[in-house]
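Here it is, the structure, as structure tokens.
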Amino acid sequence: MDRAVERAEALMSLRRYEEARDLLARHVAEAPDDAVAWTELARCHSHVSSPREGVAATGEALRLDPANLNALVLHGTLLQRSGAGLEKAMEPLREAVRIRPDFWGGWSVLADYTFRHSMLQVARSGGLSVLTHQDVAPVAAEAAGMADEAIRLAPEEVRPYEVRQSIAELSGDTATAEAMDRAILRLDPTHADALSRQTRRMTNAPGVRASQAADVIADGLGAAPDSPEMRSALDAATYRLLRGTRWLALLCLAFTGVALGVGPGDEGTVPELPLSLGQRVWDVCVFAAIWAVGALLRYRRRRKGVRLNVRSLLRRDGWARLAAGQAVAVTVCAVVTVLIPWSEPDVPRVIFWTVLVATLLTMYLDRPRLRESFRTARRRG
């Protein structure tokens with residue numbers, strides 16, 4: 001291999017693609033018959049988002065060496081990225097598979113493009129803008145077979161599993177999609193997309209509480225800290241934790257209503273007012289126990305990443321501050337109401353119902369779908 005090509009490959013390994021491109025451009029100007037250099041130049045164009053220039057470079061490489069497998073696969077990839085169309089992009093990939101049927105790279109990319117092309121044909125023939133699993137499943141078999149062949153030829157490569165997972169997920173084959181994610185994580189435990197999908201499945205399983213979901217997501221984020229999807233999922237799970245604290249506050253408020261006889265159904269069972277000091281202190285101790293068991297202990301058992309994200313989310317998100325602030329405000333209102341030695345139930349009844357209705361209304365408006373609509377309206381405004 002020419003020294004200039006070796007230097008260019010070293011630069012690409014350092015992600016210095018522009019420098020490698022310039023070096024190879026000078027080299028092929030002096031040695032236009034170097035097919036390897038043309039192929040590496042096309043790879044540089046691919047990395048710097050210049051697919052049309054890359055197509056021209058792989059064209060030169062294939063003119064010099066029509067059986068160059070790397071150039072054939074790269075030519076097909078760049079044709080697709082340049083907008084030439086999937087049908088045209090699949091031609092060099094089919095040629096690569098014909099020349100070397102034991103080359104997994106050709107099968108893997110061809111499977112990906114075949115599946116995309118099949119979905120595009122289904123959408124065009126049916127005039128569909130959105131495809132369902134039922135639309136995609138009948139045309140997935142050919143591409144799935146190609147991806148399976150790539151996996152058979154290279155069981156330790158991640159890319160064939162990624163293609164097969166995508167085909168399975170879009171065609172509604174959940175079991176195969178999950179199996180492919182497990183295989184991907186076996187080969188690459190830090191694979192961000194597979195971790196995100198696996199984490200989403202675990203957290204969306206029936207019966208999974210917000211605290212459990214937050215811990216699972218925090219574990220996944222520890223393996224792939226740059227995954228924006230998992231960071232968003234951790235924010236959502238953390239918000240569910242904060243949102244749940246309002247139920248603790250409402251429990252304290254309900255206990256106040258029972259103690260003072262101002263809750264629903266208590267009109268005929270009003271206790272003797274004012275309550276004794278001992279009774280009032282006991283009620284406050286019950287509130288403290290509710291919060292200690294319901295929030296503080298649960299918070300302390302969470303992963304460190306979850307605890308840090310609670311503080312971060314309170315700084316970043318107004319809805320999170322609203323949920324936490326309202327939980328504190330309702331609890332304080334319950335404490336103050338029960339500590340005051342009321343002689344008549346009228347005023348505490350008004351306080352109880354006002355706080356209860358306002359809190360429940362806020363929780364209704366705080367549902368995820370409504371919250372997102374408020375954010376969208378604010379951005380448009």
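The values are calculated or read from the model by the stated rules, or taken from the named source; none is laboratory data. Everything numeric in this text was worked out from a predicted model, so none of it was measured. Here the Cβ is made from the backbone with ideal geometry for all residues, glycine too, and neighbour counts use every protein chain on show. The accessibility values were calculated without ligands, DNA or RNA, using every heavy atom of the protein model including side chains. Shrake-Rupley method; radii C 1.70, N 1.55, O 1.52, S 1.80 Å.
Between V258 and R301, what length in nm is gained on full extension when 0.36 nm per residue of separation is reduced by their alpha carbon distance?
Value of the extension gain: 12.3 nm.
Could you give the angle, 0 to 90 degrees to the nearest 10, between helix 192-203's Cα long axis and the longest principal axis of the Cα atoms of the chain?
It works out to around 30 degrees.
Counting Lys and Arg as +1 and Asp and Glu as -1, each charge on the Cβ, what is the dipole of region 8-57 about the Cα centre in debye, to the nearest 20?
My answer is approximately 240 debye.
On C-alpha positions alone, give me the angle between the axis of helix 174-187 and the longest principal axis of the chain, in degrees, nearest 10.
Its long axis makes an angle of about 70 degrees.
Cβ neighbours within 10 Å, averaged per peptide: list 107-113, 131-137 in order, most packed at the top.
107-113, 131-137
Can you compute the FRET efficiency between V332 and R201 using 1/(1 + (r/R0)^6), with r the Cβ-Cβ distance and R0 = 41 Å? Round to the nearest 0.05.
0.55
Roughly speaking, to the nearest percent, how much of the chain's 1.4 Å accessible area is carbon and sulfur?
It is 57 percent, rounded to a whole number.
For region 1-126, what are the per-bin percents of Cα-Cα distances with bins 5 Å wide, up to the bin holding the maximum?
2, 13, 20, 20, 19, 13, 8, 3, 2, 1, 0
Roughly how many Å² is the accessible area per residue of the chain, as a whole number, for a 1.4 Å probe?
53
Turning to a different aspect of this structure: log10 I(q)/I(0), Debye, Cα-only the chain, no solvent, q = 0.06, 0.07, 0.08, 0.10 Å⁻¹?
Computed log10 I(q)/I(0) values: -0.43, -0.54, -0.65, -0.84.
Moving on to the next point. Compute the length gained on full extension between V286 and D219: take 0.36 nm times their separation in residues and subtract their Cα-Cα distance, giving the result in nm to one decimal.
Contour length minus Cα-Cα distance gives 20.7 nm.
Is the shape of region 144-205 rounded, prolate or oblate, going by the alpha carbon gyration tensor and its root eigenvalues a ≥ b ≥ c, with a/c under 1.5 for rounded and a/b larger than b/c for prolate?
Oblate shape, in that a/c is at least 1.5 and b/c is the bigger or equal ratio.
Among A223, A194, P101, which residue has its Cα furthest toward the positive end of the charge dipole of the chain, with +1 on Lys/Arg Cβ and -1 on Asp/Glu Cβ?
Selected residue: A223.
Taking the Cα centre of region 9-121 as origin, work out the dipole magnitude from +1 charges on Lys and Arg Cβ and -1 charges on Asp and Glu Cβ, in debye rounded to 20.
Here the size comes out at about 400 debye.
Please give the helix 3-13 orientation as an angle from the longest Cα principal axis of the chain, in degrees from 0 to 90, rounded to the nearest 10.
For helix 3-13, the angle is close to 10 degrees.
Compute, for region 188-323, the length of the dipole vector about the Cα centre, with Cβ point charges of +1 (Lys, Arg) and -1 (Asp, Glu) only. Units Debye, rounded to 20.
The dipole of region 188-323 has a size of about 520 debye.
While we're on this one: Could you tell me the relative contact order of region 59-166? Use alpha-carbon pairs under 8 Å, at least six residues apart, and round to a whole percent.
23
Taking the dipole about the Cα centre of the chain, with the C-beta of Lys and Arg at +1 and of Asp and Glu at -1, give me whichever of G126, L241, L296 is farthest to the positive side.
Looking along the dipole axis, the top candidate is L296.
Place +1 on the Cβ of every Lys and Arg and -1 on the Cβ of every Asp and Glu in the chain, take the dipole about the Cα centre, and give the residue among V262, C44, P92 whose Cα lies farthest towards its positive end.
So the residue we want is V262.
Per q in 0.17 1/Å, what log10 I(q)/I(0) does a Debye calculation on the alpha-carbon atoms of region 211-263 return?
Results for region 211-263 at q = 0.17 Å⁻¹ read -0.59.
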